[in-house]
1. So which of Gln14, Gln4 is at pLDDT below 95, more than 21 Å from Leu194 (Cα to Cα) and under 32 Å from the mean Cα position of the chain (by Cα)?
2. Are there any pairs, at least 6 apart or on different chains, whose C-beta atoms fall under 8 Å, with the first in the range 632-655 and assigned to a loop (DSSP other than H, G, I, E, B) and the second among the hydroxyl-bearing types (Ser, Thr, Tyr), and if so, which?
3. Can you tell me which of Leu252, Leu273 is crowded, with 23+ Cβ neighbours inside 10 Å and modelled with pLDDT of 95 or more?
4. Wholly within the range 713-829, which helices (runs of 4 or more DSSP H) include no fewer than the required count, namely at least 3 residues that are aliphatic (A, V, I, L, M), out of contact with any Asp or Glu (no Cβ under 9 Å at 6 or more places or on another chain) and under 30 Å from Ala847 (Cβ atoms)?
5. Can Glu471 be described as assigned by TED's automatic domain parsing to the domain that holds Ser322 and without any contact (Cβ under 8 Å) to a residue 60 or more places away in the chain?
6. Looking only at the range 315-332, count every residue that is surrounded by 22 or more Cβ atoms within 10 Å (Cβ to Cβ) and more than 12 Å from ligand 2 (Cβ to nearest atom) and tell me the total.
7. Examine the range 295-305 for a residue that is away from ligand 2 (no atom under 16 Å from the Cβ), surrounded by fewer than 20 Cβ atoms within 10 Å (Cβ to Cβ) and in a helix (DSSP H, G or I), and state whether such a residue exists.
8. Is there any pair linking a residue in the range 305-316 that is farther than 15 Å from Val329 by Cβ and of a type in the set (A, V, I, L, M) to one that is assigned to a loop (DSSP other than H, G, I, E, B) and more than 12 Å from ligand 2 (Cβ to nearest atom), with Cβ under 8 Å and at least six apart or on different chains, and which?
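The values are calculated or read from the model by the stated rules, or taken from the named source; none is laboratory data. Just so we're clear, the structure is a prediction, and the values are computed from it rather than from any experiment. Cβ placement follows ideal geometry from the backbone for every residue including glycine, while neighbour counts extend to all protein chains displayed.
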Amino acid sequence: MAEQPQAIYLKDYQVPAYLIDTTELRFELADDQTLVHSRLKVRRNPEATSAQAPLELHGHESLELCRLAIDGRELDAADYHREGELLTLARVPERFELSCTTRIHPQTNTALEGLYLSGGMYCTQCEAEGFRRITFYMDRPDVMSVFTTTVEADQARFPVLLSNGNPVASGEKEGRHWVTWEDPFPKPAYLFALVAGDLQHIERPYKTMSGRDVSLRIFAEPKDLDKLDHAMDSLINAMRWDEEVYGREYDLDIYMIVAVDFFNMGAMENKGLNIFNTSCVLASPQTTTDAAYLRVEGVVAHEYFHNWSGNRVTCRDWFQLSLKEGFTVFRDAEFSADINSRTVKRIEDVTLLRTAQFAEDSGPMAHPVRPASYIEISNFYTLTVYEKGAEVVRMLHTLLGAELFRRGSDLYFERHDGQAVTTDDFVCAMEAASGRDLTQFRRWYSQAGTPTLRMADDYDAATQQYRLHVEQQLPQTPDQVEKLPLHIPLALGLLDASGADLALAEGATTQVLELTEQRQTFVFEQIPVHPVPSLLRGFSAPVRLQYPYSRDALVFLMSHDSDGFNRWDAGQRLAVEVIQGLMAQYRQGEALQLDGALVDAYAAVLDDESLDPAMVAKVLSLPSEAYLSELADCIDVEAIHLARQFARTELARLLEAPLQRRYEALAPTGVYAPDADQVARRSLRNLCLSYLVALEAPAHLARARAQYDSCDNMTERQAALSLIAHSGFETDAAAVLEDFYQRYQSETLVVNQWLAVQACDPKPGALTRIKALMQHAAFDLRNPNKVRSLISTFCGINAVNFHDGSGAGYAFLADRIIEMNRLNPQVASRLLTPLTRWRKYDAARQALMQAQLRRILDSGELSRDVYEVVSKSLG
Ligand code: ARG
Ligand code: ZN
């Protein structure tokens, strides 16, 4: 058996023994191979501990070394040692020039790391450790260098040649041409990028706050040129916002974004040359839903914000990944909240956190925001590092207040511009700027797991004292048994009997309590009546909150809480309780009976025309099966599905008339625009339609089909499509799916939606349909977007079918993982997620899932990515 991959530990970090001041690269792109010539100016790091340390260069096994020379002297195999991913030179001068030539094969690179082909174009993905698939290098983020890159290729087929920075020279000879790019900002290799292809672009000028002119360019294949305006608008909004809110402006003369079809993740912030998954940049009314418009806006902003939080100040090592990702997610979330509905944005982010991140935090891959070890860093681009990391930054913002937080961020950028630093450096800057002691707060970075807050209260009318008792508990996680209390900001308000906020400390209606001990009691004086507490307003900390709310209190908060997030959350709590009640009835074989309190509450919200329709849509959306599963100790797949379906159908039956009324009243009035007002109307209208279609009545099906036929945009069409496709009207379902494919077969991203709609169809027989779709021309195992649309959607969302008691879904997924492990380890590893949750299911399913994990483990040579997740899941 091959040697098992070893873990890397944060505690073993050492400064680099050498530094690379300048990096000159020359790429000769050809059909059968690419030659990469590098010239590095290297010198010993004065801060290195040993003066005699060897030079260690990273190079992937796939690299063919053609030439290696020091100061012009050719080296041969006796001069270096190559083993695994390291090439070691035992003795090198204090300062020297290293020249290297490697041969690589982008056309057979299916891992989509390093240099690869997407469609017909060359592109790169170097974060985290992709640069070592291009050439031998010190591929670690604390080695920062000034890059000059020349790209040479066939002129007719690759008219556009791009790299980081500014173009400084170009030329042509005999049908080939070349362009040299210079990036003056020292950067780690993970921010390197190259693109070569037959691309077109749109361009807009931008003047920064200090008056510098920047050219903004977004590139895509010619057929997608008409889908770039929204990304451009988003970019400009993001640039302005970062100037206004953080005082940060752009620093190069050109900012480029390139859209590529084959991409492992969402997008990448390469200096001056972002590379984006098409799904995160292209947008047009006919092909893109409102949700996707918002996603494009958020991701464009995210990658732009990285120019400061990530590029100008980067990570010392990959354990610090949340330094840039947590901070940048917080920044993009605040940007989206500022230009759209703040409450709706918060609801969506918390929904993701509470379903997927909480699940990760209680599973075998649980890790702190700053992990202490990893086998494969690609596995740590997680909801914990990103989303929980952003919550940690948000808590700092809450504890310090906007003004001190801004002072802290100014200090952070000022102190560390041009450096590779740690999450602790970030906290130190916040500490220094605010004067607050954040010693205990730092535990959020090092302790894994989701804290539970158990709360209780009492009221003494005689003394007018209201007392709130809080106990925090942090569960054990892999490798972490002992946990210490966290510093938790708990925002709350107290409502009187009329629903008005009582005045709290200093007259405020929301107060932030700071929990620091395992058990604490907070006393509120001069509280005239027994209040209803509105706890954890705005979801002020990433915790599970337990407080014995009565259903009456939840209904009361739903209609009165001044905190929009908590109004919604009260509705969610009520719906969760009601559905859990139905699940219990189902398990006991009783007839299901929906609690009228939920119906009345929904009726009131549905009737309230003063509310933002987007909020109404959120409040009236039942908690997802995934969230109900996360809340369960042992997931009963059928009970969750049936109880939720029953609640939906009953609500539709009892509220049919008002649902229909609102559906009609919200009919589109003008031409499609993805603006807040229209987005809100469409979201509520489509929600109404989804309830109505749940009744399985021909009239409502006809309504959906009419919407499908007459609408002028993808948001309405896709909503109608999935409702009809998932309905019991099989003939109509088949017809609408066929029509949709015929209309959009040339639009890859739309076809991916078509795959996803079918993948999450809960009707029986899904696996057979998925297998058939894998043979369809629209599917391609090498394209991660297609794998996600079909396979991840089926296994992650279509619970009743994936978790079929036969175990066929598990075997199917294991087959795909074994296949993908060879093609694309990163994607293979992510496909594993549903199987890692085996402990949450009944004994029979546990056995079936474990058997598949073992089958994967025994299937032959596993990538580090897959090995790490499988072995930790079984361990
Ligand atoms: N830094 C990118 C972002 O904006 C993510 C890139 C991750 N890529 C990867 N292969 N793990 O979040
Ligand atoms: Zn990022």
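1. Details: Gln14 fails: at pLDDT below 95.
Of the residues listed, the single one that is at pLDDT below 95, more than 21 Å from Leu194 (Cα to Cα) and under 32 Å from the mean Cα position of the chain (by Cα) is Gln4.
2. Final answer for the pair search is Cys634/Tyr841; Ile635/Ser629; Ile635/Tyr841; Leu655/Tyr602; Leu655/Tyr691.
3. Details: Leu252 fails: crowded, with 23+ Cβ neighbours inside 10 Å.
After ruling out the rest, the residue left standing is Leu273.
4. Working: elements: 714-726, 730-744, 748-759, 766-774, 784-787, 793-797, 799-802, 808-823.
In the range 713-829, 766-774, 808-823 are the helices (runs of 4 or more DSSP H) which contain 3 or more residues that are aliphatic (A, V, I, L, M), out of contact with any Asp or Glu (no Cβ under 9 Å at 6 or more places or on another chain) and under 30 Å from Ala847 (Cβ atoms).
5. Numbers: assigned by TED's automatic domain parsing to the domain that holds Ser322: no; without any contact (Cβ under 8 Å) to a residue 60 or more places away in the chain: yes.
Criteria not met by Glu471.
6. Adding up the residues that qualify gives 2.
7. From the range 295-305, those away from ligand 2 (no atom under 16 Å from the Cβ) are none; that's our starting set.
Scanning the range 295-305 turns up no residue that is away from ligand 2 (no atom under 16 Å from the Cβ), surrounded by fewer than 20 Cβ atoms within 10 Å (Cβ to Cβ) and in a helix (DSSP H, G or I).
8. Pairs found: Val313/Asp417; Val313/Gly418; Val313/Gln419.
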